[in-house]
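One structure is given here, and the rest of the page talks about it.
Computed from the coordinates by the stated procedures, all read-outs in this text should not be read as laboratory data. Just so we're clear, the structure is a prediction, and the values are computed from it rather than from any experiment. Because the Cβ atoms are built from the backbone with ideal geometry, glycine has one as well, and the counts that use them run over all protein chains shown.
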Amino acid sequence: MIQNEYLQRVYTQVVTRDPDQREFHQAVLEVLESLEPIVVQHPEYESRGILETFVEPERMICFRVPWADDHGQIHVNRGYRIQFSSTIGPYKGGLRFHPTVNLSILKFLAFEQILKNSLTGLPMGGAKGGSDFDPKGKSDGEVMRFCQSFMTELNRHIGQFVDVPAGDIGVGAREIGYLFGQYRRVRGSFDAGVLTGKGLAFGGSLARTEATGYGLCYLTQEMLKVLRSDSFEGKTVVISGSGNVAIFATEKAAQLGAKVVALSDSDGYIHDPDGIKLDVVKDIKLNRRGRIKEYAAEVPGSTYTEGFRGIWTIPCDIALPCATQNEIDGETAKIIVKNGTMAVAEGANMPCRPEAIHEFQAAGLLFAPAKAANAGGVATSGLEMSQNSIRYTWSFEEVDSKLQTIMVNIFHNIYDASCAYNMPGDLAAGANLAGFQKVADVMLAQGVI
Ligand code: NDP
Ligand code: 2IT
C-alpha cells in the first residue's frame with residue numbers, strides 16, 4: 001500500500017497511461033512503496049517532478065524483424081529496445097528472446113535494471129530489449145538469420161557510449177556472436193564495447209558467463225554471514241531453471257559446500273537427493289540444448305516430475321529462483337516457509353510475486369531481491385566494457401575477485417540503507433532506497449527536466 005499522496009499520484013498515472021502493462025505496474029508499485037521515507041525527506045523530488053520522470057522511459061523503440069526459415073518461408077517477429085534511463089551512464093541491459101516478450105515485460109525489466117545498475121557502483125543506465133522470437137527448436141541458421149535481421153535495425157540505436165545490450169533469457173553466447181557479427185558488418189567498424197557477453201576471442205570477458213550465478217551466491221553468502229553467522233556449508237539448496245543463471249549458481253553453491261538437489265525448466269523439474277551432477281546438466285543444456293528431464297534418464301536415483309511449480313515442494317534451507325518472473329506466488333511461498341527454508345535469493349528478475357515476498361518477510365526468512373542478488377551479471381558486463389576500453393583482458397581470478405567485491409559491497413549498501421531508514425534487514429526496501437537515491441540525486445544535479 002502506498003500512503004504518500006505524491007507517490008500514489010505517480011502510480012495512478014502509470015496505471016492509467018498503460019492499463020494493460022501488469023508486470024510493469026507490479027515492478028513500479030514494489031519500488032514506490034518503499035520510497036516513502038526518502039520522498040518525505042526530499043520535498044524537492046516532488047517539486048522537480050523526479051518520480052514522474054523516473055517511471056517514464058526516455059525512449060522506446062519497436063521494430064519489424066523479418067527472417068527466412070530453412071525452407072525459405074518468411075516469418076515476421078517484433079523487436080524492441082526500451083532505453084529507460086541514461087542518467088548515470090549509457091543505457092545497459094540484456095536482450096530477451098522468448099514468445100512471451102511484450103512491452104510490459106520489457107518495461108518492467110528495464111525499470112528494474114536502472115536500480116540494479118545503480119547498485120553495482122558502475123556508470124551504467126538502464127535498458128532492456130528483445131523479441132517475441134522463440135529460439136527453441138530453431139536451427140543455428142535460423143537463429144543466425146533472425147539475429148542478423150534484428151541487428152540490421154537495432155544497430156542505429158546502440159553504441160558503446162549510447163546503449164550496450166547483452167544476453168538474457170534465450171540470448172546466450174551464440175546469439176551475441178551473430179548479433180556482434182552483423183553489427184560489425186553493417187557499421188564497418190569493430191566496436192567491441194557495443195555488446196557484452198561476447199566470445200573470449202573477440203572482446204568478451206572471462207567470468208561473464210558464470211557471473212550472474214556466482215554473484216548470486218556471493219551476495220547470499222555475505223547475507224548469511226552478516227545476518228545469521230552462517231554460510232552455504234552443509235545446506236540443501238533448490239534452484240529453479242536450468243539456464244545460464246541456474247547452472248552457475250549450482251556450480252558456486254556446490255563449491256561453497258552446499259548440496260543442490262533440484263533444477264527445472266518450463267516443462268518440469270528434476271530431484272536428485274544425492275546432489276545434482278553438474279557435468280551431466282552442462283552436457284544436456286550447454287552441449288546438446290536438451291531438456292532437463294533427460295537428466296533423470298541418465299542419473300540413477302534421480303526423478304523427473306512434470307510441471308515446473310512443483311519444484312518448490314522440495315524442502316530446502318536455501319531457495320534460489322533462477323527461471324523467470326512471477327514463478328513463486330503466495331501459496332507457493334507458504335510451502336517454502338512451512339518447509340523451514342531460511343533464505344530466498346532471487347537469481348531471476350522478479351521471480352517472487354509481492355504476496356510471496358510478504359510471506360517470507362512475515363515469517364522472518366532472509367530475502368535478497370533480484371536487483372541486488374543478480375546484479376553480478378551486469379556488473380561483470382560493466383567490467384567487460386572496461387576491458388574493451390583499455391584494450392586489455394583481465395584473468396578469470398581478477399574478474400572473479402572484482403565481482404566478489406562488488407557483490408559484498410552491494411549487500412552492505414542495501415543492508416545499511418535498510419538500517420538508515422529504520423527497516424533493518426528489509427533488503428528489498430534497502431535495495432530500492434539505495435539504488436534510487438543515487439539516480440535521483442544525479443537527475444537533480446543534471447537538471448534533466
Ligand atoms: P536462459 O535462457 O539461459 O534460461 C532460462 C531458464 O528459465 C530455462 O531453464 C527456461 O526453461 C526457464 N524458463 C524460462 N521461461 C520460463 C517460464 N515461463 N516458466 C518456467 N521456466 C522458464 O536464461 P537466463 O538463465 O539467462 O535467465 C534466467 C533469469 O535470470 C531471467 O529472469 C533473467 O532475466 C535473469 N537474469 C539473467 C542474467 C544473465 O546474465 N543471463 C542476469 C540477471 C538476471 P525452458 O528452457 O523450458 O524455457
Ligand atoms: O537482467 C540482467 O541484469 C541481465 N540480463 C544482464 C544485463 C547485462 O547487460 O549484462
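Only a single criterion out of (1) within 17 Å of the chain's Cα centre (by Cα); (2) under 22 Å from Phe190 (Cβ atoms) is not satisfied by Ala127, namely (2). For Lys371, the criteria (1) more than 16 Å from ligand 1 (Cβ to nearest atom); (2) over 12 Å from Leu206 (Cα atoms); (3) not small (Gly, Ala, Ser) hold in every case but one, which is (1). Looking across Glu398, Glu346, one residue alone is surrounded by fewer than 24 Cβ atoms within 10 Å (Cβ to Cβ) and either within 21 Å of Phe180 (Cβ to Cβ) or acidic (Asp, Glu) (or both). It is Glu398. Search segment 180-205 for residues being out of contact with any Lys or Arg (no Cβ under 7 Å at 6 or more places or on another chain) and at positive phi, and hand back the single one that is surrounded by the fewest Cβ atoms within 10 Å (Cβ to Cβ). Only one residue tops the list, namely Gly188. Being basic (Lys, Arg) and within 24 Å of the chain's Cα centre (by Cα) is not true of Lys277. Of all residues in segment 165-176 being more than 10 Å from ligand 1 (Cβ to nearest atom) and more than 15 Å from Leu154 (Cα to Cα), which is farthest from the chain's Cα centre (by Cα)? Among them, the one singled out is Arg174. Annotation note: of Val299, Val245, the sole residue that is under 23 Å from Leu383 (Cβ atoms), of a type in the set (A, V, I, L, M) and in contact (Cβ under 8 Å) with a residue 12 or more places away in the chain is Val245.
Filtering Lys92, Lys107 for residues that are crowded, with 24+ Cβ neighbours inside 10 Å, touching a residue at least 60 places away in the same chain (Cβ under 8 Å) and in a helix (DSSP H, G or I) leaves a single hit, Lys107.
Would you please list the contacts, defined by Cβ atoms under 9 Å and residues six or more apart or on different chains, that run from a residue in segment 192-203 that is within 17 Å of Phe150 (Cα to Cα) to a residue that is away from ligand 1 (no atom under 15 Å from the Cβ) and among the acidic types (Asp, Glu)? Hits for this filter: Val194/Asp163. Restricting the search to segment 272-324, which residues are more than 16 Å from ligand 1 (Cβ to nearest atom) and at positive phi? Listed by number, the residues that qualify are Gly275, Gly301. Does Arg208 qualify as being away from ligand 2 (no atom under 12 Å from the Cβ) and either on the phi < 0 side of the Ramachandran plot or out of contact with any helix residue (DSSP H, G or I) (no Cβ under 8 Å at 6 or more places or on another chain) (or both)? Against the criterion (away from ligand 2 (no atom under 12 Å from the Cβ) and either on the phi < 0 side of the Ramachandran plot or out of contact with any helix residue (DSSP H, G or I) (no Cβ under 8 Å at 6 or more places or on another chain) (or both)), Arg208 does not qualify. Within the set Gly170, Gly129, Gly79, the sole residue that is at positive phi and either of a type in the set (A, V, I, L, M) or crowded, with 20+ Cβ neighbours inside 10 Å (or both) turns out to be Gly170. Looking at segment 124-164 only, could you name the residues that are of a type in the set (Gly, Ala, Ser), touching a residue at least 24 places away in the same chain (Cβ under 8 Å), part of a loop (DSSP other than H, G, I, E, B) and within 13 Å of ligand 1 (Cβ to nearest atom)? Within segment 124-164, no residue meets the criteria.
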